[in-house]
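Okay, structure first, notes after.
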Amino acid sequence: EILVLAASPSAAVMAQLEHAFHCHHLWRQPCEAQPEWLAGVAGRIRGVLTTGAIGIGPALLEQLPRLEIVAVNGIGVDAVALDATRARGIFVTNTPGVLTEDVADLALTLLLSAARRLPALERHVRSGAWEHGMPLAPTRALRGKVCGVFGFGRIGQAVAARAAAFEMRTRYFQPRPVDGVAVKRCATLLELARASDYLVVCAPGGAGTRHAVDAAVLAALGPEGTLVNIARGSLVDQEALVAALRDGTLGMAALDVFDNEPHVPAALRELENVVLTPHVGSLTVETRHAMGQLVLDNLLAHFGGRPLLTPVA
Ligand code: 8YV
């Protein structure tokens with residue numbers, strides 16, 4: 001029996017999942033009814049289906065004594081209590097590879113929207129300001145500018161390839177150098193921020209990268225600089241970010257992810273120099289279908305006694 005924590009796979013995948021397993025949908029229960037409902041099924045649960053953003057914490061894991069596998073419909077496993085799963089020998093799978101292009105596309109969408117001030121241009125037309133002959137300040141061209149990529153895995157490399165197509169210069173930082181790539185590595189994140197006009201955060205979340213983009217990094221990016229984040233809110237010191245955007249020590253931010261989602265503080269929502277999207281990097285029909293299929297195939301492999309397709313080490 002499988003515990004489904006959120007309704008993230010496509011309907012077609014959900015139907016296959018329902019066909020293969022006895023599914024219990026926690027997300028269908030009203031919040032206040034969830035503890036009692038869960039207590040009724042917890043003892044029979046052998047698999048959990050969750051998302052990258054929701055993961056599974058130690059308290060819920062403890063309630064599931066027969067749990068064998070956590071299948072994450074996403075690439076990030078920072079919200080999974082990996083110490084606890086490891087200690088109990090519970091398998092964890094994720095969905096690498098299938099979401100790379102769409103997440104990188106959203107990174108460039110955000111970068112371009114910030115560069116050309118898309119939200120302000122939209123408001124200009126919608127409000128009738130254009131008709132009233134209100135002037136618009138020109139923005140800066142992308143070509144020749146430096147796109148710094150923090151985290152140079154699959155998604156980071158796909159972002160760099162797209163930035164290069166816009167004739168941007170590219171640099172990256174991550175602790176471990178990547179072999180066989182033409183993009184130059186900076187020795188530190190601070191150095192990358194100093195060198196960059198746009199800093200795109202693509203690194204994994206979790207304790208090791210928490211608040212890596214701090215006040216010093218934002219200051220190094222500077223008043224003409226733009227921060228783009230499609231990874232996890234935890235990588236950025238959000239309070240320092242709001243302060244830097246408000247004081248103009250950072251030019252702009254384009255964000256798909258936040259601390260404590262779906263709550264976005266009013267101080268951030270009210271700023272003019274931000275572009276905000278609600279954690280939708282992988283939210284296309286094609287990618288959500290491919291992710292869901294991989295989740296399903298991992299569950300089928302596990303319960304069919306076959307090797308997992310994409311286990312998390
Ligand atoms: C979604 C993600 O949050 O892949 C990830 O790590 O954050 C996203 O794709 C989610 O996991 C979709 O179910």
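The values are calculated or read from the model by the stated rules, or taken from the named source; none is laboratory data. Bear in mind that the values here come from a model prediction, so they are computed numbers and not experimental data. FYI the Cβ positions are ideal-geometry reconstructions off the backbone, even for glycines, and counts take in every protein chain you see.
Considering only the range 70-90, state which residues are within 14 Å of the ligand (Cβ to nearest atom) and either in contact with a Phe, Trp or Tyr (Cβ under 9 Å, 6 or more places away or on another chain) or part of a strand (DSSP E or B) (or both).
Val70, Ala71, Val72, Asn73, Val80
I want to confirm something. Restricting to the range 52-69 and keeping residues that are β-branched (Val, Ile, Thr) and within 16 Å of the ligand (Cβ to nearest atom), which single residue is farthest from Ala39 (Cα to Cα)? Outline the logic, then answer.
Kept after step one, since they are β-branched (Val, Ile, Thr), are these residues of the range 52-69: 54, 56, 69.
Checking which are within 16 Å of the ligand (Cβ to nearest atom) leaves us with 54, 56.
On the way: Ile54: 20, Ile56: 16 Å.
Looking at residues that are β-branched (Val, Ile, Thr) and within 16 Å of the ligand (Cβ to nearest atom), I get Ile54.
Go through the range 145-154 and report how many residues are more than 17 Å from Gly222 (Cα to Cα) and either charged (D, E, K, R) or exposed (fewer than 11 other Cβ atoms within 10 Å of the Cβ) (or both).
The initial filter retains those residues of the range 145-154 that are more than 17 Å from Gly222 (Cα to Cα), namely 151-154.
Going one step further and asking which of them are either charged (D, E, K, R) or exposed (fewer than 11 other Cβ atoms within 10 Å of the Cβ) (or both), we end up with 154.
Here the count works out to 1.
How do the helices (runs of 4 or more DSSP H) wholly within the range 202-304 filter down when requiring 2 or more residues that are assigned by TED's automatic domain parsing to the domain that holds Leu17: which remain? Spell out the reasoning first.
Details: elements: 215-221, 238-247, 266-269, 285-303.
By residue number, 285-303.
Taking the range 91-139 on its own, how many of its residues are of a type in the set (Val, Ile, Thr), in a loop (DSSP other than H, G, I, E, B) and either in contact with an Asp or Glu (Cβ under 6 Å, 6 or more places away or on another chain) or within 16 Å of the ligand (Cβ to nearest atom) (or both)? Before you say what the answer is, go through the steps one by one.
Going through the range 91-139, the residues of a type in the set (Val, Ile, Thr) turn out to be 92-93, 95, 98, 100, 103, 109, 125, 139.
Pick out the ones that are also in a loop (DSSP other than H, G, I, E, B) and you get 95, 98, 139.
Among the residues that remain, those that are also either in contact with an Asp or Glu (Cβ under 6 Å, 6 or more places away or on another chain) or within 16 Å of the ligand (Cβ to nearest atom) (or both) are: 95, 98.
Going through the range 91-139 one residue at a time, the tally reaches 2.
Out of Gly304, Gly292, report the one residue that is within 16 Å of the ligand (Cβ to nearest atom) and under 30 Å from Glu18 (Cα atoms). Before you say what the answer is, go through the steps one by one.
Working: Gly304 fails: within 16 Å of the ligand (Cβ to nearest atom).
Testing whether each residue is within 16 Å of the ligand (Cβ to nearest atom) and under 30 Å from Glu18 (Cα atoms) leaves just Gly292.
Restricting to the range 47-69, count the residues that are out of contact with any strand residue (DSSP E or B) (no Cβ under 9 Å at 6 or more places or on another chain), surrounded by 15 or more Cβ atoms within 10 Å (Cβ to Cβ) and of a type in the set (Asp, Glu).
The qualifying residues number 0.
Being out of contact with any strand residue (DSSP E or B) (no Cβ under 9 Å at 6 or more places or on another chain) and more than 30 Å from Ala79 (Cα to Cα) narrows it down to one residue among Val183, Val146, Val125; which is it?
Values: Val183 fails: out of contact with any strand residue (DSSP E or B) (no Cβ under 9 Å at 6 or more places or on another chain); Val146 fails: out of contact with any strand residue (DSSP E or B) (no Cβ under 9 Å at 6 or more places or on another chain).
Answer to the check: Val125.
Would you be able to say whether some residue in the range 86-94 is assigned by TED's automatic domain parsing to the domain that holds Ala231, touching a strand residue (DSSP E or B) at 6+ places or on another chain (Cβ under 9 Å) and under 30 Å from Ile69 (Cα atoms)?
Going through the range 86-94, the residues assigned by TED's automatic domain parsing to the domain that holds Ala231 turn out to be none.
Looking for residues that are assigned by TED's automatic domain parsing to the domain that holds Ala231, touching a strand residue (DSSP E or B) at 6+ places or on another chain (Cβ under 9 Å) and under 30 Å from Ile69 (Cα atoms), one finds none in the range 86-94, hence no.
Which number in (1) surrounded by fewer than 24 Cβ atoms within 10 Å (Cβ to Cβ); (2) of a type in the set (A, V, I, L, M); (3) within 29 Å of Gly57 (Cβ to Cβ) marks the one condition that Leu190 misses?
Leu190 satisfies every listed condition except (3).
Could we say that Ala12 is more than 23 Å from the chain's Cα centre (by Cα), away from the ligand (no atom under 16 Å from the Cβ) and not in a strand (DSSP E or B) here?
Working: more than 23 Å from the chain's Cα centre (by Cα): yes; away from the ligand (no atom under 16 Å from the Cβ): no; not in a strand (DSSP E or B): yes.
So Ala12 fails the test.
Which of the residues belonging to the range 210-257 are over 17 Å from Pro119 (Cβ atoms), polar (S, T, N, Q) and within 18 Å of the chain's Cα centre (by Cα)?
Scanning the range 210-257 gives Ser234, Gln238.
How many of the residues in the range 6-54 are among the β-branched types (Val, Ile, Thr) and farther than 16 Å from Leu283 by Cβ?
Residues in the range 6-54 being among the β-branched types (Val, Ile, Thr) and farther than 16 Å from Leu283 by Cβ: 4 in total.
Given the criterion assigned by TED's automatic domain parsing to the domain that holds Gly208 and within 30 Å of Met252 (Cβ to Cβ), identify the matching residue among Asp105, Asp78. Before the answer, list the steps.
Details: Asp78 fails: assigned by TED's automatic domain parsing to the domain that holds Gly208.
Exactly one of Asp105, Asp78 is assigned by TED's automatic domain parsing to the domain that holds Gly208 and within 30 Å of Met252 (Cβ to Cβ), namely Asp105.
Just a yes or no: is a residue in the range 234-252 within 12 Å of the ligand (Cβ to nearest atom), modelled with pLDDT of 95 or more and buried (at least 19 other Cβ atoms within 10 Å of the Cβ)? Steps first, answer last, please.
Filtering the range 234-252 for residues within 12 Å of the ligand (Cβ to nearest atom) gives 234.
From what is left, the residues that are modelled with pLDDT of 95 or more are 234.
With buried (at least 19 other Cβ atoms within 10 Å of the Cβ) added as a condition, the list becomes 234.
Yes, the range 234-252 contains a residue that is within 12 Å of the ligand (Cβ to nearest atom), modelled with pLDDT of 95 or more and buried (at least 19 other Cβ atoms within 10 Å of the Cβ).
Any residue at all in the range 266-277 that's small (Gly, Ala, Ser) and within 13 Å of the ligand (Cβ to nearest atom)?
The answer is no; no qualifying residue exists.
Tell me the residue from Val217, Val213 that is of a type in the set (A, V, I, L, M) and in contact (Cβ under 8 Å) with a residue 60 or more places away in the chain, please.
Numbers: Val217 fails: in contact (Cβ under 8 Å) with a residue 60 or more places away in the chain.
It is Val213.
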